[in-house]
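The values are calculated or read from the model by the stated rules, or taken from the named source; none is laboratory data. Bear in mind the structure is a predicted one, so any value in this text is a computation, not a measurement. Positions of Cβ are backbone-derived with ideal geometry, glycine not excepted, and every protein chain shown enters the neighbour counts. These area figures cover heavy atoms from the full protein model, side chains too; ligands, DNA and RNA do not enter into them. Shrake-Rupley method; radii C 1.70, N 1.55, O 1.52, S 1.80 Å.
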Amino acid sequence: MRYLFFLLFTTFCFAQQTDVVDFLKISATVTPNAEKKLVKGDVSVSFNVLKKTDAVYLDAIAMTADKEHSDSLFSIAFTEDEIWIGGDFEPGYTYQASFSYTAAPKKALYFTEDQIWTQGQGKNTSHWLPSIDDMNDKIEFDLEFVTNNKATVISNGLLARMPDKDSLVDRLLKIEPEIPVSEINKIVDENYQPRWRFDMQKPMSSYLVAFAMGDFDKKELVSSSGVPIELYYRPQDSLKVEATYRYTKDIFDFLESKIGVPYPWQNYKQVPVRDFLYAGMENTGCTLFSEAFVVDEIGFNDKNYVNVNAHELAHQWFGNLITETEGTHHWLHEGFATYYALQAERAIFGEEYYYWKLYQSAEKLIAISNQGKGQSLLNPKASSLTFYEKGAWALHILNETVGDEVFDRAVKNYLNKHAFGNVTTEDFVNEIKTVSSVDISAWEKDWLQQTAFQANAVYESMLKSPFMTSLFDIMRLRNLPISEKKNELNRVLTFPTDFIGQEAILQLDDQPWDEVEFLYKKGMASNNLFVRQAIALQMDKIPDSFKVEFESLLDDDSYATKEAALMHLVTNFPSETSKYLDKIKDIEGFQDKNIRQQFLAYSLATRNYGAASKKELQDELVGYLSGLYSFEIREIAFGYINQLGMWDNNAVHYLINACTHHYWRFRNGARDLLDEKLKESSFRKTIQTIYGDLNEAEKEYLVRIGFNISVEKK
Ligand SMILES: [Zn+2]
């Protein structure tokens with residue numbers, strides 16, 4: 001059957017499908033089945049034919065036809081990667097076809113413990129929803145999701161009102177007045193399946209289609225321009241909402257006014273999801289981001305969502321409203337999102353922060369470039385570092401070259417001119433040239449085409465910041481003996497700023513204690529969180545005369561500081577471990593429970609601490625290895641369990657389970673660890689014991705790596 005279709009449609013392959021047909025709208029009802037890890041869907045698609053043809057297709061990976069649509073006027077055929085719609089299609093006419101499908105997505109749609117979510121970049125939506133991989137065909141998607149009673153569904157567009165249970169009961173009572181109310185209530189209770197229907201008004205590229213399902217509450221805001229903003233969270237994280245989403249409205253208002261083009265979509269939603277593959281994904285009006293950014297007041301100081309929040313929001317213009325025609329122009333998405341996120345952070349955190357981040361990315365880019373591995377911005381295979389950070393630098397330099405007024409006006413024209421369309425680098429450059437009389441040909445050569453990073457231009461630019469000039473002055477002291485620079489470092493540490501203070505502390509490392517003691521004490525007394533954190537991270541040998549001060553780091557409002565301080569204190573003063581553990585025993589830390597897990601591991605390793613509850617402590621730590629927890633939590637737990645050698649039956653099972661996880665980085669780490677452990681016969685014995693409890697995927701993995709249970713049993 002498949003081959004027949006290939007023969008039928010061979011002529012078609014010579015033309016781009018976008019020249020033949022324009023898909024206008026895809027309406028679909030999608031029903032995920034978490035138990036079977038399947039998706040069923042009913043699709044109605046309308047398309048405008050541009051050239052006479054006998055068939056058009058949607059991308060649809062490994063889908064099967066679900067049921068016959070007797071009303072369909074067209075023949076529908078499923079191949080391995082496509083769904084073909086056959087008919088006599090005449091140019092200038094709009095057609096509509098419908099079909100039903102089942103998909104078992106291997107990627108793009110993920111079922112975690114209690115959530116379902118999608119990730120469509122770059123062309124993966126067709127693994128769960130028939131759509132168009134080519135970014136150049138923008139389509140209006142109206143999706144409806146059928147789910148169980150509990151889950152909240154979040155997707156692109158405006159949620160239509162759903163019929164609630166009561167109104168269904170009323171309706172049934174009218175139709176069937178003879179049936180008693182109690183009976184009707186029972187019927188509705190058993191059969192009620194909420195339908196979450198979302199309406200999009202504007203077209204978008206298919207990779208930006210998304211949904212998330214799970215147990216979520218939301219907080220609602222409205223931007224100054226009146227756009228509804230919904231901030232989702234798991235009910236148990238309600239106390240972290242403020243810190244997690246801090247500055248959201250400021251970021252939204254800032255970007256809308258800076259970009260100068262109104263936010264293009266009906267509303268904006270942000271959803272933290274479990275075990276996400278990236279920091280965030282800018283689905284149209286519906287950003288999904290990693291649950292690791294859900295933080296409390298203290299966590300905010302170390303690891304907050306502000307940058308990712310601004311980055312994904314900036315994409316709603318750069319990427320979503322206007323979309324690259326192809327990978328060559330990918331920096332038009334990532335370079336712009338990175339640059340505008342930096343501008344938002346500049347407005348919130350100030351100039352020093354802005355230049356510090358630019359400086360940090362310049363350091364990375366210079367290092368790569370010096371190895372001869374610099375990449376052109378227009379290389380479609382370039383690294384993220386190039387697309388994101390070199391892209392942002394290119395825009396920073398261009399902005400400096402032409403001035404704010406010209407830059408902002410050109411960006412605004414560029415967005416308006418190509419709104420809901422596709423763009424190339426030339427489209428952007430042309431808008432600059434239209435507005436500005438400044439010659440930018442050198443910029444084009446140095447920043448778009450050149451592979452080497454323009455370190456000199458970057459250095460010149462950074463010197464425009466008084467903060468960077470002072471930082472460079474201090475950095476120049478790095479190679480001087482401490483005796484020659486202590487007065488200068490003393491001056492810096494008297495009223496230290498975040499980054500210059502950190503640099504001063506860095507230069508105290510491995511110096512004779514009597515020369516630097518007063519400087520460390522000054523740094524501690526400054527009460528600057530960053531300066532104190534630098535001390536906590538750096539000092540692995542704590543002199544007795546500094547012990548009391550160092551202990552005070554356990555009270556700092558930073559989980560990174562607490563973790564480092566505890567580690568160094570326990571190593572330096574082991575006899576006082578119990579005192580330190582008591583101090584942190586009620587602290588959880590980041591989303592990955594870094595402090596709680598450190599507490600458990602250190603308690604288990606300390607003979608005289610919590611002797612009565614050792615079993616409980618171990619069970620809790622082993623529990624964090626399981627699939628009930630995020631991979632960030634599991635990763636830390638595997639590290640500690642391995643160090644402690646606590647491989648009980650559950651721990652071994654959870655390690656095999658981790659080898660089947662959907663996230664490659666976590667999965668590979670677990671696989672390496674399992675390979676290591678399989679060298680031990682006691683570990684292999686444990687696998688024999690638990691083999692019957694393993695699920696199919698876990699058993700399959702063991703078979704794949706050559707672990708043969710029947711051989712093991714002999
Ligand atoms: Zn991005």
Pair list, Cβ under 7 Å, 6 or more apart: region 204-231 residue more than 25 Å from residue 324 (Cβ to Cβ), other residue open to solvent by 10 Å² or more (accessible area, probe 1.4 Å) and of a type in the set (Gly, Ala, Ser): 213/151; 214/151; 215/151; 217/238
Neighbours by Cβ (under 7 Å, 6+ apart or cross-chain): first from region 273-288, closer than 15 Å to residue 208 by Cα and open to solvent by 10 Å² or more (accessible area, probe 1.4 Å); second near the ligand (Cβ under 8 Å from one of its atoms) and modelled with pLDDT of 95 or more: 280/311; 280/312
Every pair of residues 6+ apart whose Cβ atoms lie under 8 Å, when the first sits in region 612-624 and is under 15 Å from residue 596 (Cα atoms) and open to solvent by 20 Å² or more (accessible area, probe 1.4 Å) while the second is aliphatic (A, V, I, L, M) and not in a helix (DSSP H, G or I): 618/646
So residue 579, is it within 29 Å of residue 687 (Cβ to Cβ) and either touching a Phe, Trp or Tyr at 6+ places or on another chain (Cβ under 6 Å) or open to solvent by 20 Å² or more (accessible area, probe 1.4 Å) (or both): no
Scan of region 375-410 for residues that are open to solvent by 50 Å² or more (accessible area, probe 1.4 Å), away from the ligand (no atom under 16 Å from the Cβ) and assigned to a helix (DSSP H, G or I), ordered by number: 400, 401, 404, 405, 409
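Can you name every residue in region 568-590 that is of a type outside the set (D, E, K, R) and either touching a Pro at 6+ places or on another chain (Cβ under 9 Å) or in a helix (DSSP H, G or I) (or both)?
568, 569, 570, 571, 572, 574, 575, 577, 578, 580, 581, 584
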Near pairs, Cβ below 9 angstrom, 6+ apart or cross-chain, from region 501-530 (in contact (Cβ under 8 Å) with a residue 40 or more places away in the chain) to any residue that is assigned to a loop (DSSP other than H, G, I, E, B) and open to solvent by 50 Å² or more (accessible area, probe 1.4 Å): 529/557
Scan of region 527-547 for residues that are surrounded by fewer than 18 Cβ atoms within 10 Å (Cβ to Cβ) and under 14 Å from residue 496 (Cβ atoms), ordered by number: 527, 529
Options 649, 657, 642; residue that is of a type outside the set (Val, Ile, Thr), more than 30 Å from residue 561 (Cβ to Cβ), surrounded by 15 or more Cβ atoms within 10 Å (Cβ to Cβ) and modelled with pLDDT of 95 or more: 657
Members of region 288-336 found to be among the acidic types (Asp, Glu) and within 13 Å of the ligand (Cβ to nearest atom), listed by number: 312, 324, 334
